[in-house]
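Here's the structure, in structure tokens; my notes come after.
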Amino acid sequence: MAKRFLIYFTTDIHGSEVCFRKFLNAGKFYGAQVLLLGGDVTGKMIVPIVRGSDGRMKCNWLGQSYEPRGDEEVKRLVTTIRACGHYPYVIEAQEYALLDTREKMDAKFVSILRASLAEWAQLAEDRLKGSGIRCLIAPGNDDLSLVDEVLSQCPVIENPEGRVTELDGIHELIATGYSNPTPWNTERELAEEALEEQMECLFSKLRDPSHAIASLHAPPYDSGLDMAPALKDLKVQTSGGQPLLVAVGSKAVRHVIEKHQPQVGLHGHIHESRAIAKVGRTICINPGSEYTEGILNGALIGFEKEKLVTWQLVAG
Amino acid sequence: MAEQVSGYVRKSTGLVRSGSFQDLFIFGLSSVSPFPMGLAVSLFWAFAVFPHTNIIMAIVWGVVISFGGWISFGLLSAIMPRVGGDYLYVSRIVHPALGFVSNFGAFFSSCMAAGYWTAWYTQIGLGPAFSIFGALTGHPGLVTLGSTIVQPIWVILIGLVMIVLMAWVQSAGIKKTLLVQNICFYVGMVGFAVAIVVMLATSRDTFVHSFNAFAQTYTHDPDSYNLMLKTAGDAGLTFASKTGFFKLDTLGSIYIAGGIISYTFWTAYLAGEMKSAQSVKRQVGLMAGSGIVTGVLLILCTLLFMKVVGNDFFTAVNYLNTAAPDKWLLPVKPWYNFFAAMIANNPIVSAIIAFSFFFFIFPGTFINVAMAVRALFAWSFDGLAPLKLSEVNEKTHSPIIAIVIISVLTLGATIWTALSATFFTVWGVAILFAYLPILFVGIAAIVLPFRRKEFYDASLLGKSSAGKVWLIIGGVWAILEVALILFLGFRFSSQLGWTSWWMILLAVVALFVFGYGYYYIAKAIRKRQGRDLSLVFKQIPPE
């Protein structure tokens, strides 16, 4: 029997420390030769743990107040917050009071994020160096440009964004973390026409699109991988108490998949839409995301030579 | 200072204001169990088989026992907000084979229920509506029509039409399905509200007068009200007004009341943005709140009807209708919609009350069909069923294959219920299977902090010193809830339709054998295809 080439794909971990650590272990755990993190790597919130002049620590997080006492409790709180993908930082009250504008908070966010990514890069190197497991991390629409910069400094992490990556001599990977426009106007969004143009450029570089793997962060429009609640003014729309689910995927992604028919499409972006669907002959997969619960949703994609022999959703 | 300390959120995807509590509450009331249906059919069935029941106490206890499922499902849905339901909770926390057993039981129950509800389009909806309207407006042809279409052949044919209609609506997409569901629910509620207004404006004397005037045509007795009481007495019924309530009858009625109220835990099957990921109180409150309100509404409506029609009379007519139907001489069943339409004595108002009841059946049927489709999807994604089952049609963007399969199963169940009494023997099994997820989720809640410690620790519930306590309370309560249902089902088997207790036991054993067997066979097949199903829910160690 031909040796199986196995890829482990996950996406949208949004800064979860637990999920990143699981990601690094997934290669050994599942026997995968390639780890692929398909976008939205970084978190959304920084959480101050403020030390007052009396030495007491206070923190408000997700509607609850915490007053950790001692290093152990602080450490536990930090671990819990990090597990959910948020970034805690200990700060003196006077210093915290100076963070009084959005620009200063943004700058603080960036510095915390940079430090956290650097820690992740080091962790990846410690775990994967010499393992023979390739680690590909692509930024997504929610990721700042510094993600590319910091992770590229790690010798064991490859960034497949915007280029063709050779995998096993038969299969190539193309990746883009850009998405179609969202209500949140995030870092890497393009209008559908521009997104399609960008992806066409990538597909044109492929040796053999029919055996390619396309890691396109936004799922194909109306594929079942892109169902999300309809929003109005960022409020979930309901009907009779039930959320109105609508297709929010990218038409550009759908067009390029229908046109080029890669062997596999790997997607994320819509956390609730854990699903597998076929667009033409292309198997498209969105493993969904439960990063806030510390669950790493992923997919195992296995090839024997050219043939796609297995695709399976997992939740680790 | 704590008030001024807060997190800073950068611009990023997915930060939404989740659906309001009110929205979710309405879902719990409307989609899961249109309680007017429960009022008309199940509650009054209680009077027929447990004539000395203190129905108010039974409803209260029905609410109390249901807390087990509400707490367990509520806590787990707060811990795992992006997924929903017994299959995933039990598979992840306890074992995937047991998760499949639980979910297959629920699937079986949903398919049977969908068939049963489909039969109700004629048996409880159109048939009685025509009979009521025809009898009240002096159109015997309509009365005949009403009694004709509840014959098995029409139950099946009209059921088939409704199944095709439902499949068509579903294939048009979720938006249209919800629209139709909501329209049906609100039309039904308009009729129900009109019925309530009519009853509120009616005194006992007026009711007696109206009933006598109407029933004389059929009983040839000017005092049909008291005739019903006498006839029921002669048929063996003793009245609670003379004997007092019997504890055993009240106990047996808890089974029926719980069956109407407990299913608000199905709101857990909604995932994603509708849940506030960190809000335990919200999730539990939603389920319990919908259930408590359902219970309160049931109590209020029951008290209203008792006040208007009289407890003894109500017991008598339901007893006659069930135990001695040849002595119930009226062409319509003694449900609230009949009495309200009769009192209204106005063709338009009577028509609204009579025909609006039909519209409750769509939401009740749909939720069972949707649960069954959801199960097929989950199994398909996890490799326990062919991927084809979750395929979405490229033109209609609907899961046509799953809809067709469930429609065929629904039709089969409809034919079975129309043609054979054996359906009701198996129906007892189906009801039990519907409760089993509560049992397994209760077990999952108890063991979660120990079997999936990292899971539990990652949740906000894990931060609370009382988190484990609440999980254990919910889990134990859920187990007791199901144990009580089992006890009641066996203890009152003849009244509740558990006609073969040994069959019930055999069915549970068969479910476990089938469920585990299916899981491991599927696992073996997938392994030969290169897919290891034991990896689906296996936790990756982070360290």
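Yes/no per residue for (1) over 28 Å from B:Thr302 (Cα atoms); (2) modelled with pLDDT under 95; (3) in contact with a Leu (Cβ under 8 Å, 6 or more places away or on another chain):
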| position | (1), (2), (3) |
| --- | --- |
| B:Val63 | no, yes, no |
| B:Ala78 | yes, yes, yes |
| B:Arg82 | yes, yes, no |
| B:Asp86 | yes, yes, no |
| B:Ala106 | yes, yes, yes |
| B:Pro128 | no, yes, no |
| B:Ile149 | yes, yes, yes |
- Query: Any idea which of (1) of a type in the set (Gly, Ala, Ser); (2) facing chain B (nearest Cβ under 10 Å); (3) surrounded by 24 or more Cβ atoms within 10 Å (Cβ to Cβ) is the one A:Gly302 doesn't satisfy?
  - Reply: (3)
- Query: Applying the selection to region B:474-503, what residues are of a type in the set (A, V, I, L, M) and under 19 Å from B:Ile65 (Cβ atoms)?
  - Reply: B:Val476, B:Ala478, B:Ile479, B:Leu480, B:Val482, B:Ala483, B:Leu484, B:Ile485, B:Leu486, B:Leu488, B:Leu496
- Consider A:Leu144 carefully, then state whether it is free of Cβ contacts under 8 Å to residues at least 40 places away in the same chain, crowded, with 17+ Cβ neighbours inside 10 Å and within 13 Å of chain B (Cβ to nearest Cβ). no
- Task: Would you mind telling me which numbered condition in (1) under 26 Å from B:Ile256 (Cα atoms); (2) of a type in the set (Gly, Ala, Ser); (3) in contact (Cβ under 8 Å) with a residue 40 or more places away in the chain B:Ser420 fails?
- Result: (3)
- Within region A:218-293, which strands (runs of 3 or more DSSP E) (wholly inside it) include 1 or more residues that are closer than 19 Å to B:Lys175 by Cβ? A:227-229, A:245-247, A:275-279
- Within region A:27-45, considering residues that are surrounded by fewer than 24 Cβ atoms within 10 Å (Cβ to Cβ) and among the hydrophobic types (A, V, I, L, M, F, W, C), the one farthest from the other protein chains (Cβ to nearest Cβ): A:Val34
- Message: So if I check each of B:Thr422, B:Thr417, which one is among the β-branched types (Val, Ile, Thr) and either in contact with a Ser or Thr (Cβ under 7 Å, 6 or more places away or on another chain) or crowded, with 22+ Cβ neighbours inside 10 Å (or both)?
- Response: B:Thr417
- Output for Cβ contacts, cut-off 7 Å, separation at least six or different chains, first residue within 14 Å of another protein chain (Cβ to nearest Cβ) in region A:177-204, second at pLDDT 95 or above and assigned to a helix (DSSP H, G or I), reads A:Tyr178/A:Leu195; A:Tyr178/A:Gln198; A:Asn180/A:Glu192; A:Asn180/A:Leu195; A:Asn180/A:Ala252
- Query: In region A:305-316, what residues are within 7 Å of chain B (Cβ to nearest Cβ) and part of a strand (DSSP E or B)?
  - Reply: A:Val309, A:Thr310, A:Gln312, A:Leu313, A:Val314, A:Ala315
- What strands (runs of 3 or more DSSP E), lying completely within region A:19-98, carry at least 1 residues that are in contact (Cβ under 8 Å) with a residue 24 or more places away in the chain? A:34-37, A:45-51, A:57-61, A:87-92
- Residue, nearest to A:Pro88 (Cα to Cα), within region A:46-75, restricted to residues that are acidic (Asp, Glu) and at the interface with chain B (Cβ under 10 Å from one of its Cβ atoms): A:Glu67
- Being aliphatic (A, V, I, L, M) and within 20 Å of A:Thr165 (Cα to Cα) is the filter here, so list the residues in region A:4-28 that pass it. A:Leu6, A:Ile7, A:Leu24
- Leading residue by the ranking (farthest from A:Val41 (Cα to Cα)) among those in region A:99-109 that are assigned to a helix (DSSP H, G or I) and within 9 Å of another protein chain (Cβ to nearest Cβ): A:Arg102
- How many of the residues making up region B:377-411 are in contact (Cβ under 8 Å) with a residue 60 or more places away in the chain and more than 13 Å from chain A (Cβ to nearest Cβ)? 7
- Note on the structure: Across region A:17-35, the tally of residues that are within 16 Å of A:Leu151 (Cα to Cα) and under 12 Å from the mean Cα position of the chain (by Cα) stands at 2
- Quick one: which helices (runs of 4 or more DSSP H) lie wholly within region B:463-543 and hold at least 1 residues that are within 14 Å of chain A (Cβ to nearest Cβ), surrounded by 15 or more Cβ atoms within 10 Å (Cβ to Cβ) and modelled with pLDDT of 95 or more? B:501-528
- Query: Residues of region B:348-393 being among the small types (Gly, Ala, Ser), assigned to a helix (DSSP H, G or I) and in contact with a strand residue (DSSP E or B) (Cβ under 9 Å, 6 or more places away or on another chain), which ones?
  - Reply: B:Ser380, B:Ser390
- Here are some residues: A:Val78, A:Val74. Which one is over 23 Å from A:Ile13 (Cα atoms), buried (at least 18 other Cβ atoms within 10 Å of the Cβ) and not hydroxyl-bearing (Ser, Thr, Tyr)? A:Val74
- Just name the residue that is nearest to the chain's Cα centre (by Cα) out of those in region B:74-114 that are of a type in the set (A, V, I, L, M, F, W, C) and not in a helix (DSSP H, G or I). B:Val83
- Message: For the condition within 14 Å of chain A (Cβ to nearest Cβ) and in contact with a Leu (Cβ under 8 Å, 6 or more places away or on another chain), what is the one hit in B:Leu178, B:Leu160?
- Response: B:Leu178
- Item | Yes/no for B:Asn337 being of a type in the set (S, T, N, Q), buried (at least 18 other Cβ atoms within 10 Å of the Cβ) and closer than 14 Å to B:Val198 by Cα | yes
- Confirm whether A:Ile270 is more than 8 Å from chain B (Cβ to nearest Cβ), of a type in the set (Val, Ile, Thr) and surrounded by fewer than 24 Cβ atoms within 10 Å (Cβ to Cβ). no
- Query: Can you tell which of B:Lys333, B:Lys281 is part of a loop (DSSP other than H, G, I, E, B), basic (Lys, Arg) and within 24 Å of the chain's Cα centre (by Cα)?
  - Reply: B:Lys333
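The values are calculated or read from the model by the stated rules, or taken from the named source; none is laboratory data. Just so it is clear, the model here is predicted, and its values are computed rather than measured. Quick reminder, even Gly has a Cβ in these numbers, built from the backbone with ideal geometry, and neighbours come from all protein chains shown.
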